[in-house]
Structure formats: structure tokens, C-alpha cells
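Heads up, the thing below is written out as C-alpha cells.
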Amino acid sequence: MESSVDTNLATRPNDNLGRVVSLKPEGTVSTTKRIKRSFRQIRAEKVFRRTLIIVALVMVALVLGIMLTLVYESTLSIKSSGIGYLWGKTWDPVRDIFGAYPFILGTLLTSFLALFISIPFSFAVAVFLGEYYPEGWFSNLLKNTVELIAAVPSVIYGFWALAVLVPIVRSFESKIGVEPVGLGIFSSALILAVMIIPYAASLGRSMIHMVPSNLKEAAYSLGATRWEVIRAVIFPYTKSGLFAGVLLSLGRALGETMAVTMVIGNTSLIPKSIFAPGNTMASVIANEFTEADHPVYLSALIELGLVLFLVTVVINMIGKKMVSRFTNE
Amino acid sequence: MASNHVKYRIGKSTFFKGLTILLACACVVPLIFILIYILQAGLTKINWHFLTNLPKPVGETGGGIANALLGSMIIILVASVIAIPFGILCGIYLSENKKSKLAYWSRLCVDILQGVPSIVIGIVAYFWLVKPMGGFSALSGSAALAIMMLPIIIRSTEETLKLLPDSLREAGFALGLPFHRVVLKVIVPCGISGILSGVMLSVARIAGETAPLLFTAFGNPYLSFNLLKPMQSLPLLIFNYATSPYNDWHDLAWGASCILLIWVLALNIFTKLMTRKWKVQL
Amino acid sequence: MESTIVKSVDYNAYFGDNHVVKNVNIDIPRNNVIAVMGPSGCGKTTFLRGINRMHELIPGATAKGQILLNGEDVMEMHPIFVRLKIGMVFQRPNPFPNLSIYDNVIAGYKLNGIKLPKAEKDKIVEHSLTRVALWKEVKDSLTKKGSFLSGGQQQRLCIARAVAMEPEVLLFDEPTSALDPISTSTVEELFHELKKNYTLIIVTHNMQQAARVSDKTAFFYMGELVEYDETKQMFTNPKDTRTQNYITGRFS
Ligand SMILES: Nc1ncnc2c1ncn2[C@@H]1O[C@H](COP(=O)(O)OP(=O)(O)OP(=O)(O)O)[C@@H](O)[C@H]1O
Ligand SMILES: [Mg+2]
């Protein structure tokens, strides 16, 4: 490129402003080189565009594949147990009786109990960071620490719960006069509650941030106190967003496997109380998948996975829809 | 009378503020307890011997977690090799084709995948890889983890690139750059901080994943470098040893937990700090 | 004797169903400065972006007709070739924020993966920056990021970036509307220099600027090319009443 320009750099005529007036090189060697290169580029461009499309297609195929695999592998169980699978009260692999009710109940109990415990804390964090102290080093620290809660691997939560939480729960149980097992729904719900705090908290915080300040000011100008503004302006305005956060937390809780598996006690009996041991859908799969020694058994476990998949997907999609509707408004 | 009522309302407001602060701060208490407990229980177990030796059979003291450490690294590395290019490319597609039908479906699938419980991914990887290959393998574990990484990488790439001004792409196109060079040399470098933070968060996320490895990588008490054979990993080791009845094994598990925890938290904190530094000033 | 370098024949541009540029026929002579004027939304930018095929980058945008560059239809060429020959400078300065000043100037080579010897790169950088009267100001800070410069300097950097590719035609879309008066006059002076080597097409809202810098002026109205003539002629004696109304400020 510009070989003519280069050789002339010293001798090029200068105008009185000291700018170099160049002569435009016509069809220099490297211009053609440049163009030849460009032909290669055009081909590469096509390849790149096609690659992107393929990648996007593979993404769709991947999720469809997951769905189809779950459906396909559970057909055996669907055929043999039918829809009654969902409320069958007995899970006995030895006698080939597969009813998912104990696990569905276990899942719902642990998840909703955990949600119930964690929501006040999540909302407190959301209000604290969104309204009371949106800035400052302490808020930053709190925000980052709460996010770290989600970063700790669940197997570590499980191990800690096993070593610390379960004995505490056990002594609590003996105090209130139920059978002191320690392991069980209640312990699982406690550890789950800690684990799911960040999801509703961080979504709630960003939602509360988005409340237009003129709305709040209108309420203040009428003499409302801080709390009244929060209750009468912020909560109603953000309720769909806060609810979406709760849904996302719930989705997490339903699918959480390791921590629950380690402390729930693993029994296929229907839990009699929230202190009883039990199993969730995820924990049964984790426990029994590699032991499933005949096809129907395995298929019944996969059907549990399918149910879990469908439920979490639906909950997550509703949550996401609510968030996007809220943010678009 | 009226002033009493006002006082009551102000008192109520103060009360709820106090309650909010109390509950918000209480959130971090369990985390701090867990951190302290694990560090206490784990740090004393960690030494050179622990890091470089294999676990001993039950009854013998000592032993280490070399197999799990190396296994975790290999499994994560392979998962990253699969997921990072794929995820970034998919994110690029989504940000470059905001309105296309394929982008809509693809985005929907990313959303779905993000919510899929990890144990379900494990099941699927079992049927896609373990069964056809005739046995548990590190590779199938990596594949399962790669699937878990994808939504995080794709989302962060898409969100980052969407925020870049159009003028940047146009500057590139106006210079006669082909599409792939505009993307790879202009757009991606300008969004590198967001993309990298997504990548690192995804690595941090899968570093502690156990459930998808249960029926894929499976675990292995010995040192193995063969991707087609079962391999140990830190979270698997913690799970297996923590739920065993032996105290020696619990000690190993505490040490492993401590290492895993430090690893994951360091990755998270490092990501936070570095992305600020890498940020390209627009 | 002036030869035509760019010529449009029945050029039409659309955004979906929105017909934005209608049947434009224009002859642009080599080494001239052409000003494109018209009320907001009349399709100036769209036409300009049509010339180097930037228009079609917008989803849903289409074009019909011909744009001839040296007699060759750019609609038949690959956009990359077109853009290598027809450079463009935008309304807002858009240097690459991740590149140094130096790398910004040779961005067209660097990002295209064209390897040049260091000496040659140095020469291109110095040469291009000199041509946009920026060399003296930045020669000691070439390694700094381009986004540290002032708006006017950034815009000149962007011109240098386009110039470094040695195109034949340079398109400017309101190049000074984001600049202060002093930077504006520096850039305007540049046009006189650049026209010796290039053909410049400049969209502007500023009538004084058009009068100062251009040889010919094109007036667009509602997507049509209403009038196209020598600048002097146009400002002293417009033929079309719409042009007259516009330059006497009787619009809007
Ligand atoms: N990206 C786009 N998508 C759809 N329509 C567009 C787009 N950009 C411009 N238009 C439409 O095309 C018409 C012409 O726009 P254009 O930008 O060419 O006008 P302009 O003459 O450059 O105006 P201005 O002086 O304000 O820059 C406008 O009416 C506008 O509504
Ligand atoms: Mg315009």
C-alpha cells in the first residue's frame, strides 16, 4: 500500500500550513493485494455467518433434545403406571410399584417451607439495598456478600448442614418432643432457605430501584412516612417483580439436589410431619439412579426428572415473563 | 391527639426500618458461620501431603485429594473448551440478530436451559454419552457441565454486546471490514469485560456442581487422566466422603470443601474486581 | 474537464414499506465537494449510506436502482470492495475505544489482518494524521486511547482513519454537528485539502457551511432530489420554489 506515498514522504510538496499534500497513488501493487485478500474475507464472512446460525440452531436442538430424551426414556414408566404415577402413594422398586406422591409432597414441603422462611430476609435485603441505602460501602459489601451466598457450592451447604445444622435441629426436636432424627424435611428447608435468599433479593432490589422517584415524592409530599411509602407505593408498584423473584427462588428450591439429598434422610415413605425424613424428586434421582437395576425402575426415576423439568421450566418462564413485562412498562 | 398519631406513625416507620436492617444483616450470618466453620475444619487439614497424595483406604490416616483436584481441573477445562466458544458465538448470534425467528427460539431455549435443575442435565448426559459409550466417563461429565455453563455465557455475551453502540459496528463496516472481523476484532474486544465475567462466573458455577457428575464422571478413587474413564472431582469427593460414616474421610472432605470454597469464592471476587479493570471506556 | 466518479441512476431506498429515497439521479464529479441539504427526515442520511451500501446493514432496509462508481454498479459489487473505495465519516465521532490513536488510524489494515512492516505503518499514520491536521497535536501521545481526545480531535481521527485506506470518495454525515465552532472550522478547512485527492460528499444542515465548503449542492425534499447545481447558483438563484423556501428559512 502507498509505496509511492512512502518514497515521496520527504520530497512531497508542503503547503504553507506545514501539511503534506499527497498525490493519490493509482492502482498500487498492494491495493490489488488488498483486494485479493478481500476475496478470502468474503468467503470467511460467509462461513462465519453460517457458523453463527448453526450454533443458534444447535442451541434450540439441545433443549428440544433434553425434552425429548426425558420423554422418550420415561415412556416405559408412563405406560406401566399411567397418570396415577403422580399420586401413587407407594414407591417400592422391589415390587415394581412406582408412585411419585411421597417425593412430590417432599419437594413441595421443603421448597415452600424454605420459601416461607427466606422471603422476609430476601425482601429485607431488597428493601435495604433498593430503598434505604442504595449506595455506600456497607451496602456494596452487603450486596456482594448476599451474591456470594449463591456462589457457595451446594455440596458444601449440605456438608455443613450435616455437621452443624442437623445436630442443632435434633436437639430442637427433642425439646419440642418429636422424634429427634435431625435429618429431614425441616433441616432441608432451613439450608435451602439460606441458599435461595439471593435470587429474590437481587431481583427485588433492581425492581425497587426502578420505582420512579416522582411517585415516592408524591407520597412524601402528602406527609407519608418512609414505611408508608414503602408499603403504599413501592410494594404495590413492584409487586409483580417481587413475585417474579419469589418464583425464581422457588424454581431454585425445587431443583436443588445435593444439599437436600445430604440432609433429608432419604426415605420413600410419605413424610408424616415437617420434622420427618423424606425425599424430594431430585434427591431420589440422585440416590437411586445408579442403583436402578431394571428398566421400569430407571424409567420411573426419569419420569420424576421429567416432572421436575416441566415444573421448574414453567415456573421459571412465568417468572421471566413477569420480569420482562415489568421492565418494559 | 393528632400529634400522638403522627408520633405513632413515625415510630412504626422507625420500627420497620430497624427490622429491615436487622433481617438484611441476618442474611449474611449463615454465610459467615459456614465460611468460618469450613475454614476452621478444613485449613488445618491442608498441607503439601494433602494436595499431592491419593486418598487412603478406610482405617489408614493421612492421604490426600490429588486425584480430585486434578480431576476437577481436567473436567472443568474440557467443559470450558466446549462451552466457551459455543456460548460466545451463540451470544453473538443473539445480539446480531435481535429480531429473527431463530433468535427468538434460541433465546427461549437459553431461558429454559437456565432453569433446568442440574440433576436433570445429569440424566440427559447419561443417556447421550454414558450409555452409548458403555460406561461412566470424565468426558460425559464435562459435557454435562458445559451445558450448564452455556446459559450464563450466552446471556452475559448477549447483554454486553447489546449495550455497545451501533456506531462501533458501523465504523468497522465503513472501513470495509467483513462481518466476521467487525464482530471478532471490534465488537467482541469492546465487550470483553462483560463476556469474560460471564465466562468466569460460569466456571465458578460449575466448579462446585455435583449433581450432574453423579451419573457421568461418577468418581474414581485413583488418579486418572483418561477422559473416557471415570474421574474423581472435588464436589464428588466431598459428597461421597461427607456421607460416609468414617471420620478420616470426613477430615478429607473438610479439607476438600475448604479448597473448593476458596477456589469458588476467589473466582467470584476476582471476576468482580477484574471486570472493572478490563472495562473498555466507551 | 471534470469526470464523473459517482453517479446514481433511479436510486430508491426503503425501510420496510417506507419509501425514503425516491428516484434519485445525480452525477458527482471527481475532486469536488458536494453538499447535500434538506429538511430533517428527507432521506439525506439514507441516500448517503446507500452510496457505500451501509444502508442495507439496517434490518428491513432495501434499495433499488444503480449507484455507479467509475461506471461500475456498486450494487453488483461486494460491499467490502465498495467500502474500501468509498470511506465514511459519521455524525458522532466513533473512534475504536479499545485501540490507541496509532492503531485507530491504521484500523482498516490492522482489523482486516493486513500485515504491514512497522516503517510503512508509521508512514501511513504520520501521513494520514498530517492530512487531517492532527499530527502535531497527537504525535507524542500516539499510544493513548483514541477516546481520550476532544470531540473535534476524535472526528479528525476518524477522518484520518478513513483517509488512511486511500479511498476514492469520502462520505460525511453531518460531520461537524457534534463539534464546537473552532473544531468545526478546522474540519471545514480540511475539506479544501482533502478535495485535492478525494471526492467529498457532505450532508449538512448548516447552510453557511454548505456555501463555504462545497462546489455543488444537492437539495433533497421528501426523499426526492429537488435541485442539484453549482453551490453559488443554488444560493443566489434557486430554480425550485421548495429550495428557495428552504434557504430563505420559510420551512418548518
Ligand atoms: N433505522 C431506520 N428504520 C426505519 N426508518 C428509518 C430509519 N432511519 C431513518 N428512517 C426513516 O427514513 C426517513 C429518512 O431518514 P434519514 O435519516 O435519511 O433523514 P435525514 O435527511 O438524514 O434526516 P436528518 O437531517 O434528521 O438527519 C425518516 O423519515 C425516518 O423516519
Ligand atoms: Mg441524517
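The values are calculated or read from the model by the stated rules, or taken from the named source; none is laboratory data. If you're wondering where the values come from, they're calculated on a predicted model, not measured in any experiment. Note that we place each Cβ from the backbone using ideal geometry, even for glycine, and neighbour counts take in every protein chain shown. What goes into the accessible areas is simple: the full protein's heavy atoms, side chains included, and nothing from ligands, DNA or RNA. Shrake-Rupley method; radii C 1.70, N 1.55, O 1.52, S 1.80 Å.
From Cα coordinates alone, what are the radius of gyration and Dmax values for the range C:139-242 in angstrom?
15.7, 53
Report, as an integer, the average count of C-beta atoms from other chains found within 10 Å of each Cβ along A:303-314. Display every interim value, and only then the final one.
Details: counts 0, 3, 8, 2, 0, 5, 9, 0, 2, 5, 8, 2.
If you average over the peptide's residues, the count of other-chain Cβ atoms is 4.
How large is the dipole of chain A about the Cα centre if only Lys and Arg carry +1 and Asp and Glu carry -1, each at its Cβ, rounded to the nearest 20 debye? Walk me through the numbers before you get to the answer.
Working: 28 positive and 21 negative charges, 280 e Å.
Dipole size: approximately 1340 debye.
May I ask for the Rg/Rh ratio of the range A:197-329, computed from Cα atoms with Rh as the Kirkwood radius, given to two decimals? Present the calculation step by step, with values, prior to reporting the outcome.
Values: Rg = 20.9 Å, Rh = 17.7 Å.
Using only Cα positions, Rg/Rh for the range A:197-329 is 1.18.
Quick one: the Cα spread of the range B:50-278 along its three principal axes, in angstroms, biggest first?
71, 40, 27
Using helices alone, I'd like the mean residue ellipticity at 222 nm for chain C: each DSSP H run of four-plus residues gives -39500 (n - 2.57), total over residue count, nearest 500.
Working: 11 runs with 90 residues, N = 252.
Counting only the DSSP helices, I get -9500 deg cm²/dmol.
Just how large is the dipole of the range C:24-123 about the Cα centre, in debye to the nearest 20, putting +1 at every Lys and Arg Cβ and -1 at every Asp and Glu Cβ? Please list the in-between numbers first.
Values: 13 positive and 8 negative charges, 60 e Å.
Computed about the Cα centre, the dipole is about 280 debye.
Cα-based count: Lys pairs in the range A:85-328 below 27 Å, eight or more positions apart or different chains?
Lysine pairs meeting the criterion: 11.
Expressed in whole Å with the largest first, what are the equivalent ellipsoid semi-axes of chain C derived from the C-alpha gyration tensor as the square root of 5 times each eigenvalue?
On the way: eigenvalues 187, 88, 53 Å².
Output for chain C: semi-axes of 31, 21, 16 Å.
What ranking do A:37-48, B:125-136, C:48-59 get when scored by the average of other Cβ atoms within 10 Å per residue, highest first?
Numbers: A:37-48: 15.5, B:125-136: 17.2, C:48-59: 20.2.
In descending order of packing, they fall as C:48-59, B:125-136, A:37-48.
Remind me, relative contact order of the range B:108-174 in percent, using alpha carbon pairs under 8 angstrom and six or more residues apart?
On the way: 25 pairs, mean separation 26.2, N = 67.
That works out to 39 percent.
What whole number of Å gives the distance from the Cα centroid of the range C:17-67 to the Cα centroid of the range B:15-78?
64
Sort A:T145, C:T199 from largest to smallest accessible area, using a 1.4 Å probe on the heavy atoms of the protein chains.
On the way: A:T145 30, C:T199 0 Å².
If we order A:T145, C:T199 from most to least accessible, we get A:T145, C:T199.
Assuming 1.306 mPa s and 10 °C, estimate D for the range B:2-43 with Stokes-Einstein, Rh taken as the Kirkwood radius over Cα pairs, in µm²/s. Could you put the intermediate results ahead of the total?
Values: Rh = 12.7 Å.
Translational diffusion coefficient: 125 µm²/s.
Give the long-range amide H neighbours of B:G64: residues separated by 5 or more places, or on another chain, with amide H under 5 Å away, using H modelled in the peptide plane at 1.01 Å from N.
Excluding prolines and chain starts, which carry no amide H, the hits are B:N53, B:L54, B:K56.
Taking the dipole about the Cα centre of chain B, with the C-beta of Lys and Arg at +1 and of Asp and Glu at -1, give me whichever of B:L22, B:L273, B:W263 is farthest to the positive side.
So the residue furthest toward the plus end is B:L22.
What is the mean projected area of the alpha carbon convex hull for the range C:28-162, to one decimal in square nanometres? Let's see the in-between values first.
Details: hull surface 40.0 nm².
Mean projected area of the Cα convex hull: 10.0 nm².
Would you compute the Debye intensity of the protein assembly as shown from its alpha-carbon atoms alone, equal scatterers and no solvent, and pass along log10 I(q)/I(0) at q = 0.05, 0.07, 0.08, 0.11 Å⁻¹ to two decimals?
Scattering profile of the protein assembly as shown, log10 relative to I(0): -0.39, -0.71, -0.85, -1.19.
Give the Rg/Rh ratio for the range B:218-262, taking Rg as the radius of gyration of the Cα atoms and Rh as the Kirkwood radius, to two decimals.
Taking Rh as the inverse mean 1/r over Cα pairs, Rg/Rh reads 1.01.
Just counting partner chain Cβ atoms within 10 Å, what average do the residues of peptide B:256-263 show around their Cβ?
Numbers: counts 3, 8, 1, 0, 4, 5, 0, 1.
So the per-residue partner count for this stretch is 3.
If you project the alpha carbons of chain A onto the principal axes, what extent comes out on each, in Å, largest first?
Projected onto its principal axes, the Cα set of chain A covers 101, 66, 37 Å.
Highest first, please rank the peptides A:59-68, A:87-96, A:311-320 by the mean number of other Cβ atoms sitting within 10 Å of their residues. Kindly include the intermediate steps, with their values, before the conclusion.
Details: A:59-68: 17.7, A:87-96: 12.9, A:311-320: 19.8.
Taking the mean over residues of other Cβ atoms within 10 Å, the ranking is A:311-320, A:59-68, A:87-96.
For chain A, which DSSP H helices look membrane-span-like by this rule: Cα extent along the axis of 24 Å or more and mean Kyte-Doolittle of at least 1.6? Write out the running numbers ahead of the final one.
Values: long enough: A:29-81 (77 Å, 0.65); A:101-127 (38 Å, 1.91); A:185-209 (35 Å, 1.51); A:235-255 (30 Å, 0.82); A:295-328 (48 Å, 1.27).
Qualifying helices: A:101-127.
Shape verdict for the range B:1-91, please, from the Cα gyration tensor: rounded (a/c under 1.5), prolate (a/b greater than b/c) or oblate. Display every interim value, and only then the final one.
On the way: a/c = 7.03, a/b = 1.99, b/c = 3.54.
It comes out oblate by the Cα gyration axes.
What pairs in B:K185/C:K115; C:K121/C:K216; B:K99/C:K145; C:K196/C:K239 have C-alpha atoms more than 26 Å from each other?
On the way: B:K185/C:K115 15 Å; C:K121/C:K216 35 Å; B:K99/C:K145 34 Å; C:K196/C:K239 30 Å.
From B:K185/C:K115; C:K121/C:K216; B:K99/C:K145; C:K196/C:K239, over 26 Å: C:K121/C:K216; B:K99/C:K145; C:K196/C:K239.
Quickly rank A:183-190, A:129-136, B:202-209 as a protection proxy: mean count of other C-beta atoms within 10 Å, highest first.
Details: A:183-190: 27.1, A:129-136: 16.1, B:202-209: 24.1.
Those peptides, ordered most packed to least, come out A:183-190, B:202-209, A:129-136.
Considering the options A:N214, B:N67, B:I46, tell which one lies farthest towards the positive end of the dipole of the protein assembly as shown, charges being +1 on Lys and Arg and -1 on Asp and Glu at the Cβ, about the Cα centre.
Farthest towards the positive end: A:N214.
Which whole number gives the average, over all residues in C:177-190, of C-beta atoms from other chains lying within 10 Å of the residue C-beta? Walk me through the intermediate numbers first.
Numbers: counts 0, 0, 0, 0, 0, 0, 0, 0, 0, 0, 0, 0, 2, 1.
Per-residue shielding by partner chains comes out at 0.
Which of the helices in chain B meet the span-like rule: DSSP H, Cα axial reach of 20 Å or more, Kyte-Doolittle mean at least -1.0? Spell out each step's value before the answer.
Details: long enough: B:2-26 (36 Å, 0.40); B:28-43 (22 Å, 2.46); B:66-96 (44 Å, 1.93); B:101-115 (22 Å, 0.37); B:138-163 (37 Å, 1.03); B:192-207 (22 Å, 1.71); B:247-278 (45 Å, 0.54).
Length and hydropathy pass: B:2-26, B:28-43, B:66-96, B:101-115, B:138-163, B:192-207, B:247-278.
Less than 13 Å from a label point 7 Å out along the Cα-to-Cβ axis of B:V58: which backbone N atoms in the range B:208-244 qualify, by residue?
Flagged as within label range: B:241-244.
Might you report the magnitude of the Cβ-based charge dipole of the range B:50-278 about its Cα centre, with Lys and Arg at +1 and Asp and Glu at -1, to the nearest 20 debye? Mind dumping the intermediate values first?
On the way: 16 positive and 10 negative charges, 142 e Å.
For the range B:50-278, the charge dipole is close to 680 debye.
Quick query: amide H of C:V226 versus all other amide H atoms, modeled in the peptide plane; which residues come in under 5 Å with a sequence gap of 5 or more or a different chain?
C:F219, C:F220, C:Y221
Would you mind telling me the antiparallel percentage of the DSSP bridges in the protein assembly as shown, rounded to 5? Kindly include the intermediate steps, with their values, before the conclusion.
On the way: 29 of 49 bridges.
The antiparallel fraction comes to roughly 60 percent.
Considering the convex hull of the alpha carbon atoms of the range B:44-127, report its projected area averaged over all viewing directions, in nm², one decimal. Before the final figure, lay out each step's value.
Values: hull surface 35.7 nm².
Taking a quarter of the hull surface, the average projection is 8.9 nm².
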